[in-house]
There are 2 protein chains.
Amino acid sequence: MQSPLKVGVIGIGAMGLAMATNLHGKRYAVQIRDVAPAAVSAAARAGIGACDSPRELAEWADLLVVVVVNAKQIEDVLFGVGGVSHCSRAGKRSDHGDDQGNAPVVMLCSTISPIDSAQFGQRLAEHGIATLDAPVSGGPVRAANGTMTIMLAGDKRIVGRLDSVLNDLASKVFFISETIGDGAKTKLVNNMLAGINLTAGAEALALGHRLGLDRQQLFDVICASSGASWIFEDRMARALRDDYAPRAQAHILTKDVGLAVDMAAGAGIDTPLGDGALRVFKATIAAGFSDEDDAAVIKTIDPDFNRKKQRAPSHD
Amino acid sequence: MQSPLKVGVIGIGAMGLAMATNLHGKRYAVQIRDVAPAAVSAAARAGIGACDSPRELAEWADLLVVVVVNAKQIEDVLFGVGGVSHCSRAGKRSDHGDDQGNAPVVMLCSTISPIDSAQFGQRLAEHGIATLDAPVSGGPVRAANGTMTIMLAGDKRIVGRLDSVLNDLASKVFFISETIGDGAKTKLVNNMLAGINLTAGAEALALGHRLGLDRQQLFDVICASSGASWIFEDRMARALRDDYAPRAQAHILTKDVGLAVDMAAGAGIDTPLGDGALRVFKATIAAGFSDEDDAAVIKTIDPDFNRKKQRAPSHD
């Protein structure tokens, strides 16, 4: 029997923990790395051990799944002190370009700009380390049961070698292209649209509420009509229950829509609806809802949305 | 055996014809009224006869389904020369409010403002004619097979009497309230959201296309991810086929989003994303796509969307 693929997961937030737990349950050899003791404890409770640095994890793993929050953290775990690039297994770029050493493949799953993605890929290549640009979608629940989506860009041969672990991570693996950055572009376009659909859905539901319609019934009608969208149904169902416990913190989609709008502006492309959504997200952060679920956009638009109607004053 | 309910349909556009044909096929007695000879011919080909005026239709019918384009046309068919209100069966408002004559119930299915809807209801009541505020959703295909949605406001007793024909017209009948205008409010909120989701979807797909991503693959990824919406999947599938034959002409959703934004403004409520969508729709009309399918919004945003890539010049 072949020994199991060794997978290191760097960044044990909700997504990272879910992906690590999923692979651990499917009998991969899994170790993690996170700077936060609480994250390390969470992994330990799931039976998953931790390394003391990304470099140490890189000395062991066949595949490194990077799920940290943003490009700055990726910079750190790849090229900072104790970073992946300092691993002894890293190769050197040779003239004919094929000295990959035997370092693990680095799979970048965070949502970052395609420019950052391409630059990380280039710099890792200079250390003889192969990169997959592989943003993911679907949230922690789907990550935990292996039914999330991966938008994948990178060398086809490497993708082919990792076929089985990719399909264990995600039920939908979209191979976008061999150009590092195309995965990030795809993810940002999708997330900008999700962000617009969410803020638009909140705008519509708040409008109906303020016009005196029943919130729950309006929600039901929209879900059965032409205004339906995936994120409207998912997030506004929570808002109607007054449940803003974070499955997806508001600051995350705020960041993603900001990255998408910047990417478009950098290419000279207007995104008027993306800009409008970004203003709503920024107002949501300014209102103090950064760490609540992104369903909280509706409280920014309609502060009375979850307020019970006043009873008539009693006369005693 | 009970004689079948007599249903008159006024306004034989795509929706009106589909609804009339559906009821005719279900053995209701159906007649129609339209000013356009082509519409009368289309009904005749489906085996459905026509009256020469709304008034004449009102002398015969138990239920009048009004599916004309806008409030001005409703004004005309109800109160103009030969209008429904001049029908001999109309009653008079009595002090105790129960003289409904034996005029047919008027069911207003057009998408209009709630203010217009309420005013038509009040004026019809003065003629002893009962009104249902009953905008519909789902498009001609669903109207034809009786699987569309009705958002219904009006007197519960009248709704109860018409229960069976309502369920033959639509698979989803949402009873909103007894207040005429609440159906219109619900419809406008839904359609504003559909309009935003559509223009946002076009903005996102055009962004990806201009950034060099494959249009079809990006569409597939979005449909499987958090950016998915009903109208994105429906309309952008057509845009990808370069198919702008009108199932829903661009001017219709333009009108609806305009009505929704006006309704909100009238109540002092901001709709920044609705405003943004309305600008895209107006640009679509200005670009000459008024009578094309509303999927044409994407050609307004990205004029190269359906242009084949230039081949390298030949050297002969």
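The values are calculated or read from the model by the stated rules, or taken from the named source; none is laboratory data. Since this is a predicted model, take the numbers as computed values, not measurements. Backbone-built Cβ (ideal geometry, glycine too); neighbour counts: all protein chains shown. The protein model used for the area step is the full one, side chains on, heavy atoms only, and it has no ligands, DNA or RNA in it. Shrake-Rupley method; radii C 1.70, N 1.55, O 1.52, S 1.80 Å.
For segment B:43-62, give me each residue that is assigned to a helix (DSSP H, G or I) and open to solvent by less than 20 Å² (accessible area, probe 1.4 Å). Result: B:Ala43, B:Pro54, B:Leu57, B:Ala58.
Looking at A:Arg307, is it closer than 21 Å to A:Arg215 by Cβ, open to solvent by 20 Å² or more (accessible area, probe 1.4 Å) and within 11 Å of chain B (Cβ to nearest Cβ)? No: the conditions fail for A:Arg307. Within segment A:265-276, the residues that satisfy the criterion of being in contact (Cβ under 8 Å) with a residue 12 or more places away in the chain and part of a helix (DSSP H, G or I) are A:Gly266, A:Leu273, A:Gly274, A:Asp275, A:Gly276. Only residues that are surrounded by 18 or more Cβ atoms within 10 Å (Cβ to Cβ) and closer than 21 Å to B:Gly201 by Cα were counted in segment A:276-297, giving 8.
Exactly one of (1) in a helix (DSSP H, G or I); (2) modelled with pLDDT under 95; (3) polar (S, T, N, Q) is unmet by A:Gln122. Its number? A:Gln122 satisfies all of (1) in a helix (DSSP H, G or I); (2) modelled with pLDDT under 95; (3) polar (S, T, N, Q) except (2).
Taken together, B:Asp133, B:Asp155 contain a single residue that is within 16 Å of B:Pro104 (Cα to Cα) and within 13 Å of the chain's Cα centre (by Cα), which is B:Asp133. So, A:His127, is that one within 30 Å of A:His86 (Cα to Cα) and surrounded by fewer than 24 Cβ atoms within 10 Å (Cβ to Cβ) or not? Taking the combined requirement at face value, the residue satisfies it. Residues in segment A:214-251 that are of a type in the set (Ser, Thr, Tyr) and within 20 Å of the chain's Cα centre (by Cα) were compared, and the one that is farthest from B:Asp234 (Cα to Cα) is A:Tyr244. The test for being over 18 Å from B:Leu5 (Cα atoms), surrounded by fewer than 17 Cβ atoms within 10 Å (Cβ to Cβ) and outside the structural domain of B:Ala248 (by TED's automatic domain parsing) does not hold for B:Arg161.
Restricting B:Val106, B:Val81, B:Val65 to those that are open to solvent by 10 Å² or more (accessible area, probe 1.4 Å) and either of a type in the set (A, V, I, L, M, F, W, C) or part of a helix (DSSP H, G or I) (or both) reduces the list to B:Val81. On inspection, A:Ala38 passes the criterion of being out of contact with any strand residue (DSSP E or B) (no Cβ under 9 Å at 6 or more places or on another chain) and assigned to a helix (DSSP H, G or I).
For B:Thr254, the requirement of being over 18 Å from the mean Cα position of the chain (by Cα), at pLDDT 95 or above and of a type in the set (S, T, N, Q) is not met. Of all residues in segment A:207-238, those satisfying the criterion of being farther than 14 Å from B:Met151 by Cα, within 7 Å of chain B (Cβ to nearest Cβ) and open to solvent by less than 50 Å² (accessible area, probe 1.4 Å) are A:Leu207, A:Leu211, A:Ala228, A:Ser229, A:Ile231.
Scanning segment A:239-249 for residues that are surrounded by 20 or more Cβ atoms within 10 Å (Cβ to Cβ) and either in contact with a Gly (Cβ under 7 Å, 6 or more places away or on another chain) or under 18 Å from A:Leu273 (Cα atoms) (or both) yields a total of 1. Filter segment A:86-102 for residues that are modelled with pLDDT of 90 or more and part of a loop (DSSP other than H, G, I, E, B); which is surrounded by the fewest Cβ atoms within 10 Å (Cβ to Cβ)? So the residue we want is A:Ser88. Scanning segment A:169-206 for residues being under 18 Å from the mean Cα position of the chain (by Cα) and crowded, with 19+ Cβ neighbours inside 10 Å gives a total of 23. The single condition among (1) touching a helix residue (DSSP H, G or I) at 6+ places or on another chain (Cβ under 8 Å); (2) closer than 30 Å to B:Leu211 by Cα that A:Gln216 does not meet is (2).
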